[in-house]
Amino acid sequence: MKDPEVLVIGAGTAGCVVARRVAEQGGKRVMIVEAGPPFPGWPLRVPLASLRLRPWWSWRLESVPQPHLDGRRIPFPMGRVIGGTSSVNAMVAAAGPPADYDAWAAAGNVGWSWADLRPGWERAISGAGTTALSIRRPVHESAFSTAFTRACEEDGLRRIDALTGAEADTCGMFPLFQGPAGRSSAARYLTQVPRGVQLSLRPRTTVRRLIMDGTRAVGIEIGGRRGEAKILASEAVILCAGALQSPHILHKSGIGPAKALAAAGLEVAIDLPGVGQNLQDHAGVPVVVESTLPPPGRPAMWLKSAIEYGLFGTGVMASNCCEAGCFLGKAGMTPDVEVFSHFQTNRHPRSVEFSVVLMHPTSRGTIVPDPDDPWGPPRIDPRILESGKDRSVLNAGVERIRSIIAQPALQRFGLGAEILPGGLSADAFLRGHASAYYHPVGTCRMGTDPLAVVDSRLRVRGTENVWVVDNSIVPTIPAGHTAATALLIGERAADLLTADLGRS
Ligand SMILES: Cc1cc2nc3c(=O)[nH]c(=O)nc-3n(C[C@H](O)[C@H](O)[C@H](O)COP(=O)(O)OP(=O)(O)OC[C@H]3O[C@@H](n4cnc5c(N)ncnc54)[C@H](O)[C@@H]3O)c2cc1C
């Protein structure tokens with residue numbers, strides 16, 4: 001293939017979508033450059049295996065010490081493989097409430113209401129052809145998941161068929177990105193590309209920075225800290241490196257807050273103060289309780305489970321480990337808190353866990369270049385639970401899950417003593433055990449104000465031909481799980497870019 005017209009940085013959840021669509025619908029010559037290796041097949045397809053093997057295909061990013069979490073560093077194991085984080089995540093397909101997307105449009109982002117996004121979502125999950133991801137009820141439903149859902153009903157929640165987070169006060173089984181062959185990830189967009197579509201993939205290639213000529217990107221530099229080679233692009237560069245790395249690549253390209261770039265010794269090409277601001281994540285805590293039953297995924301069961309999975313595609317190996325959950329808050333409204341249940345944990349040989357997660361955090365973090373090592377990993381400071389409101393909503397969620405645990409359906413299941421929070425005070429529990437739940441968004445925010453990084457067509461302000469298409473552009477984090485959000489963004493961006501780049 002000749003030099004590409006369009007370069008896509010990162011074959012992640014949104015990147016795979018936009019690359020495929022711009023090549024296919026837009027008729028462009030597209031190259032997608034990805035730091036990680038090709039999708040390895042069964043190790044990531046088999047749900048339970050993929051959860052255990054995830055570290056092999058993940059970035060080892062972590063936050064700076066968090067002042068409200070006893071100075072702990074929080075890990076961010078985002079995917080580093082074709083399909084990005086959708087290839088290593090827990091497969092939950094919960095796009096959240098339409099109202100949370102409508103809020104993006106209400107903030108001035110024309111074309112980003114749920115009504116605008118819905119056609120792309122339907123194309124992503126049920127469209128005909130070779131790209132549609134598969135969404136289904138979990139193949140495996142553990143006895144614990146059934147008991148949890150019953151206990152939620154006994155506590156007054158409404159059971160629904162597919163728990164997508166669209167409404168508070170609901171419980172049930174999550175829909176999962178799972179098909180007949182196991183995990184269904186965005187990598188699917190890059191397999192079975194029709195003949196004639198000019199889409200090439202360059203795996204195991206880390207992008208160092210964009211090459212800027214004034215306000216125009218003419219290509220990228222690849223290779224670790226020093227930059228070993230260049231790839232030129234004649235029309236556009238689309239950043240899809242995820243919410244932790246897209247702002248970092250912009251910083252290294254001289255696009256960002258002039259003061260912070262200068263402090264790190266980086267040249268300033270475009271002073272854009274919002275790059276790396278507005279970092280948001282769904283923070284949460286684990287409530288852990290002793291269980292008298294042996295865990296279904298214990299090592300003694302591995303051989304039997306592997307044979308069952310190999311023969312029928314069923315059994316505990318088909319489980320994503322968090323099959324059932326509930327969304328709490330005012331009935332009919334967007335939820336405040338999500339709880340997902342785990343039938344076993346690593347924290348205690350016989351225990352179950354309830355992750356209690358904040359849906360609308362008000363704390364905001366930052367990503368800045370490290371002044372001592374600007375070409376190394378970014379300085380990630382999510383400021384988890386800085387806001388008192390976040391702490392009190394989470395504490396209320398912990399009290400509610402205790403009430404659900406006390407219901408007969410879970411008590412019959414054989415739960416014992418509470419291990420966490422156990423005897424800890426609410427404050428000590430949050431400080432010692434809260435974490436990010438791996439849904440970082442918002443660091444190249446879409447908007448119309450001076451701190452916005454991209455406009456509503458996702459073009460980086462002040463540039464002619466640089467776009468961001470991933471969870472960085474999210475103005476406010478929706479409730480639910482953010483792989484669906486990235487797919488929605490990828491599909492919407494594909495329509496915008498196909499129009500803006502014009503057909504060649
Ligand atoms: C452990 C875990 C479990 C999760 N579980 C769920 C879940 O069950 N359901 C859900 O909806 N969400 C889940 N999420 C979150 C969700 O998967 C992500 O929010 C979403 O996939 C992010 O999509 P993205 O396109 O923004 O970025 P990504 O999918 O992360 O894609 C970014 C891509 O860019 C590549 N890249 C980065 N830097 C460079 C560079 N310099 N050069 C070249 N390539 C680069 C990366 O390797 C990656 O492939 C989970 C996340 C984690 C970490």
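The values are calculated or read from the model by the stated rules, or taken from the named source; none is laboratory data. Keep in mind that what you see is a predicted model, and the values were worked out from it rather than measured. Heads up, the Cβs are rebuilt from the backbone with ideal geometry, glycines too, and the neighbour counts pull from every protein chain shown.
Tally time: how many residues in the stretch 213-239 are crowded, with 24+ Cβ neighbours inside 10 Å, within 11 Å of the ligand (Cβ to nearest atom) and closer than 30 Å to residue 437 by Cα?
Total meeting the criteria: 1.
How many residues, within the stretch 20-39, are within 16 Å of the ligand (Cβ to nearest atom) and surrounded by fewer than 17 Cβ atoms within 10 Å (Cβ to Cβ)? If you could, list the steps in order and put the result at the bottom.
Going through the stretch 20-39, the residues within 16 Å of the ligand (Cβ to nearest atom) turn out to be 20-22, 30-39.
Remaining after also requiring surrounded by fewer than 17 Cβ atoms within 10 Å (Cβ to Cβ): 37-38.
Residues in the stretch 20-39 being within 16 Å of the ligand (Cβ to nearest atom) and surrounded by fewer than 17 Cβ atoms within 10 Å (Cβ to Cβ): 2 in total.
Regarding residue 288, is this residue surrounded by fewer than 23 Cβ atoms within 10 Å (Cβ to Cβ) and not assigned by TED's automatic domain parsing to the domain that holds residue 66?
So residue 288 passes the test.
Could you list all residues from the stretch 141-170 that are touching a Gly at 6+ places or on another chain (Cβ under 7 Å) and either assigned by TED's automatic domain parsing to the domain that holds residue 101 or not in a loop (DSSP other than H, G, I, E, B) (or both)?
Passing the criteria: 149, 159.
The conditions are (1) exposed (fewer than 15 other Cβ atoms within 10 Å of the Cβ); (2) within 15 Å of the ligand (Cβ to nearest atom), and residue 194 fails exactly one of them. Which is it?
Among (1) exposed (fewer than 15 other Cβ atoms within 10 Å of the Cβ); (2) within 15 Å of the ligand (Cβ to nearest atom), residue 194 violates only (2).
What's the number of the only condition in (1) more than 16 Å from the ligand (Cβ to nearest atom); (2) more than 30 Å from residue 416 (Cβ to Cβ); (3) touching a residue at least 24 places away in the same chain (Cβ under 8 Å) that residue 280 fails to meet?
Of the numbered conditions (1) more than 16 Å from the ligand (Cβ to nearest atom); (2) more than 30 Å from residue 416 (Cβ to Cβ); (3) touching a residue at least 24 places away in the same chain (Cβ under 8 Å), the odd one out for residue 280 is (1).
Kindly indicate which of 448, 443 is modelled with pLDDT of 95 or more, surrounded by 20 or more Cβ atoms within 10 Å (Cβ to Cβ) and within 30 Å of residue 8 (Cα to Cα). Lay out the reasoning, then the answer.
Numbers: 448 fails: surrounded by 20 or more Cβ atoms within 10 Å (Cβ to Cβ).
Criteria check complete, one pass: 443.
For the stretch 257-268, which positions are surrounded by fewer than 21 Cβ atoms within 10 Å (Cβ to Cβ) and either in a loop (DSSP other than H, G, I, E, B) or within 16 Å of the ligand (Cβ to nearest atom) (or both)?
264, 265, 267, 268
If you check residue 51 against the conditions, is it over 23 Å from residue 206 (Cβ atoms) and touching a residue at least 40 places away in the same chain (Cβ under 8 Å)?
yes
Please state which one of 36, 71 is modelled with pLDDT of 90 or more and at positive phi.
Checking each option against the conditions leaves just 71.
Residues being among the hydroxyl-bearing types (Ser, Thr, Tyr) and assigned to a strand (DSSP E or B): count how many of those fall in the stretch 180-221.
1
For the stretch 240-256, which positions are closer than 21 Å to residue 13 by Cα and either near the ligand (Cβ under 9 Å from one of its atoms) or in a loop (DSSP other than H, G, I, E, B) (or both)?
We begin by selecting, within the stretch 240-256, every residue closer than 21 Å to residue 13 by Cα; these are 240-250.
Listed by number, the residues that qualify are 240, 241, 242, 243, 244, 245, 246, 248, 249.
From the residues in the stretch 73-87 that are more than 6 Å from the ligand (Cβ to nearest atom) and touching a residue at least 12 places away in the same chain (Cβ under 8 Å), which one is surrounded by the fewest Cβ atoms within 10 Å (Cβ to Cβ)?
Step by step, filter the stretch 73-87, then rank; the result is 75.
Could you run through the stretch 384-436 and say how many residues are out of contact with any His (no Cβ under 7 Å at 6 or more places or on another chain), buried (at least 19 other Cβ atoms within 10 Å of the Cβ) and in a strand (DSSP E or B)?
Of the residues in that region, 3 qualify.
With within 20 Å of the chain's Cα centre (by Cα), away from the ligand (no atom under 16 Å from the Cβ) and surrounded by fewer than 23 Cβ atoms within 10 Å (Cβ to Cβ) as the only criterion, which of 99, 49 stands out?
Exactly one residue qualifies, and that residue is 99.
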